[in-house]
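The values are calculated or read from the model by the stated rules, or taken from the named source; none is laboratory data. Treat the numbers as computed from the prediction; the structure is a model and nothing was measured. Note: ideal-geometry Cβ built from the backbone for every residue, glycine included; neighbour counts use all protein chains shown. What goes into the accessible areas is simple: the full protein's heavy atoms, side chains included, and nothing from ligands, DNA or RNA. Shrake-Rupley method; radii C 1.70, N 1.55, O 1.52, S 1.80 Å.
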Amino acid sequence: MVRERAVEVNGVRIWLAEAGDPARLPLLLLHGLYDRWESWEPVLSALAERFWVLAPDLRGHARSDRPTTGYRLADYAADAAELLESIVGRSASVVGFSLGALVGVVLAGTRPELVEALVLEDPPLAPFGEPARAWLMALLEAKRAGEAAAYELARELHPERDEAEWRREAAWLCDTADGPFLALLEGEHRPDPWALLPSITCPTLVLQADPLAGGTLDDESAARALAALPRGTLARFPETGHAIHRERPAEFVQTLLPFLR
């Protein structure tokens, strides 16, 4: 059973989904750009059997508020910290995917007392270059043009997916504020995650998707991240795209559980 409610965090209304027994250890799930808490559904039941799972819609996404500003990594991390302090009342394990992984880095690096263990799913730590900028611009333009344009872009970017997935991705993209895209395009994501990796004291598991299948974490960046993390471990997922938890949910859970124990 998933329980949903709105909570106020740093003056922003955040939509929160919970599953599992609140008496268990808390597990905070942070989704990626233009996702929502439902993106975790393929693994939610398995995780809720062992943890009190909390999965918010990040600010600017889905049913959460869309302030005109406040889309730096520090802002997302401040929301996560306030959620843990005011709603959970204790530290938690944190799993972040893509944008959520960068938020997890900032949260663990700046508020170490709140993070027991950290999982970074295919974090976009590679240098931000022209291909990434072009991808973001295409997403923003399609979002602004409406769901039909977003649908066509989803088909173009992910021809291997099916009709339902294209429609879902288009709807979720159009249901995201401009702010998260503009912050990335304008370089407002601060602080720098690379500067924080050496200060993360909790055990950290980095999940690397296959760069040849759409993963964003290349081998050089993965090796650099592991060298920077004091207690880092790497798990690779060959022939798996960016969203490991959606493409390989069983393997994702099987990798997480021994680490989180």
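The residue that is most open to solvent (accessible area, probe 1.4 Å), among those in the stretch 62-77 that are touching a helix residue (DSSP H, G or I) at 6+ places or on another chain (Cβ under 9 Å), over 22 Å from residue 92 (Cβ atoms) and of a type outside the set (Lys, Arg), is 68.
Screening the candidates 173, 196 for the property of being under 30 Å from residue 91 (Cα atoms) and in contact with a helix residue (DSSP H, G or I) (Cβ under 7 Å, 6 or more places away or on another chain) yields one hit, 196.
Taking the stated definitions as given, is residue 217 part of a loop (DSSP other than H, G, I, E, B), under 28 Å from residue 77 (Cα atoms) and either open to solvent by less than 40 Å² (accessible area, probe 1.4 Å) or in contact with a Ser or Thr (Cβ under 9 Å, 6 or more places away or on another chain) (or both)? Considered against the rule, which asks whether it is part of a loop (DSSP other than H, G, I, E, B), under 28 Å from residue 77 (Cα atoms) and either open to solvent by less than 40 Å² (accessible area, probe 1.4 Å) or in contact with a Ser or Thr (Cβ under 9 Å, 6 or more places away or on another chain) (or both), residue 217 comes out as yes. Residues that are loosely packed, with under 15 Cβ neighbours inside 10 Å and of a type outside the set (Gly, Ala, Ser) within the stretch 123-136 comprise 127, 128, 130, 131, 133, 135, listed in sequence order. Each residue in the stretch 178-209 was checked for being open to solvent by 20 Å² or more (accessible area, probe 1.4 Å) and over 23 Å from residue 62 (Cβ atoms), and 11 pass. The strands (runs of 3 or more DSSP E) found entirely in the stretch 1-85 that carry 2 or more residues being touching a Lys or Arg at 6+ places or on another chain (Cβ under 6 Å) are 12-19. Screening 102, 120, 139 for residues that are open to solvent by 10 Å² or more (accessible area, probe 1.4 Å), in contact with a Leu (Cβ under 8 Å, 6 or more places away or on another chain), modelled with pLDDT of 95 or more and within 21 Å of residue 245 (Cβ to Cβ) leaves exactly one candidate, 102. Applying the selection to the stretch 78-124, what residues are polar (S, T, N, Q) and either over 26 Å from residue 215 (Cα atoms) or under 8 Å from the mean Cα position of the chain (by Cα) (or both)? The answer is 86, 91, 98, 110.
Quick check on the stretch 250-260. Is at least one of its residues open to solvent by less than 20 Å² (accessible area, probe 1.4 Å), farther than 20 Å from residue 51 by Cβ and not in a strand (DSSP E or B)? Break it down into steps so the answer makes sense when it comes.
Quick first cut of the stretch 250-260, residues open to solvent by less than 20 Å² (accessible area, probe 1.4 Å) only: 252-253, 256-257.
From the residues that got through so far, the ones that are farther than 20 Å from residue 51 by Cβ too are none.
No, that holds for no residue.
What tally of residues in the stretch 6-24 results from selecting those that are out of contact with any strand residue (DSSP E or B) (no Cβ under 7 Å at 6 or more places or on another chain) and either more than 20 Å from residue 102 (Cα to Cα) or buried (at least 19 other Cβ atoms within 10 Å of the Cβ) (or both)? Talk me through it step by step, then tell me what you get.
Taking the stretch 6-24 first, the residues out of contact with any strand residue (DSSP E or B) (no Cβ under 7 Å at 6 or more places or on another chain) are 8-12, 23.
Filter again for either more than 20 Å from residue 102 (Cα to Cα) or buried (at least 19 other Cβ atoms within 10 Å of the Cβ) (or both), leaving 8-9, 11-12, 23.
Qualifying residue count for the region: 5.
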